[in-house]
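Okay, structure first, notes after.
The values are calculated or read from the model by the stated rules, or taken from the named source; none is laboratory data. Please read all numbers here as calculations on a predicted model, not as lab measurements. Because the Cβ atoms are built from the backbone with ideal geometry, glycine has one as well, and the counts that use them run over all protein chains shown. Areas reflect the complete protein model, heavy atoms only, side chains present, ligands, DNA and RNA absent. Shrake-Rupley method; radii C 1.70, N 1.55, O 1.52, S 1.80 Å.
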Amino acid sequence: QVQLVESGGGLVQAGGSLRLSCAASGSFVSINTMGWYRQAPGKQRELVTTITSGGRFTISRDNTKNTVILQMDSLKPEDTAVYYCNAKILAQGMGFVFRDYWGRGTQVTVSS
């Protein structure tokens, strides 16, 4: 069974920073992409990228640890959302198809 587990969310004041981490575990052969999405109240889930964050967020990956990191700086109240880790993984015993896996999400709240 493949799992993605996020950590690092919390409450921070505007202008502050947070670092989210997501680790993949379980029986898998390979991980293709790893990334982050977020969903604010009443809004659709959206992809988080360095570009869409105006350069405030940085995404990095450690293949040796099967982790992906989201470094968020200069946070704004509008960044408040549940942040989800996503990965396309080739799990053992599940054929030869990369499937989407999601973490349970971690809450990020930015106060003004």
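Listing for the model above:
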| quantity | calculated |
| --- | --- |
| Positive dipole terminus of the chain, leading residue within 91, 20, 40 (C-beta point charges) | 91 |
| Highest-MSF residue in the chain out of 66, 32, 86 [GNM, Cα springs under 10 Å] | 32 |
| Separation in nanometres of the label points that stand 7 Å from Cα toward Cβ, at residue 50 and residue 88 | 2.0 nm |
| Carbon + sulfur, % of accessible area of segment 1-93 - ligands and nucleic acids excluded, 1.4 Å | 48 percent |
| Label-point separation in nm, residue 96 to residue 3, each point 7 Å along Cα→Cβ | 3.1 nm |
| Amide H contacts under 5 Å for residue 105, placed H, 5+ residues apart | 6, 85 |
| ³J(HN,Hα) computed for each position of segment 44-50 - Karplus, 6.51 cos²θ - 1.76 cosθ + 1.60, integer Hz, glycine/proline x | 7, 5, 10, 6, 9, 9, 4 |
| Residues whose placed amide H lies under 5 Å from that of residue 2, excluding near-sequence neighbours | 27 |
| Value of relative contact order over the chain, rounded to a whole percent, pairs C-alpha under 8 Å and six or more apart | 37 percent |
| Inter-site label distance for residue 43 and residue 30 at 7 Å from Cα along Cβ, in nm | 3.5 nm |
| Heavy atoms of residue 98 accessible to a 1.4 Å probe, total area in Å² rounded to 10 | 90 Å² |
| Lysines whose Cα lies under 17 Å from that of residue 65, excluding same-chain neighbours fewer than 8 positions away | 88 |
| Quotient of Cα Rg and 2.2 N^0.38 Å for segment 19-112, N being how many residues it contains | 1.14 |
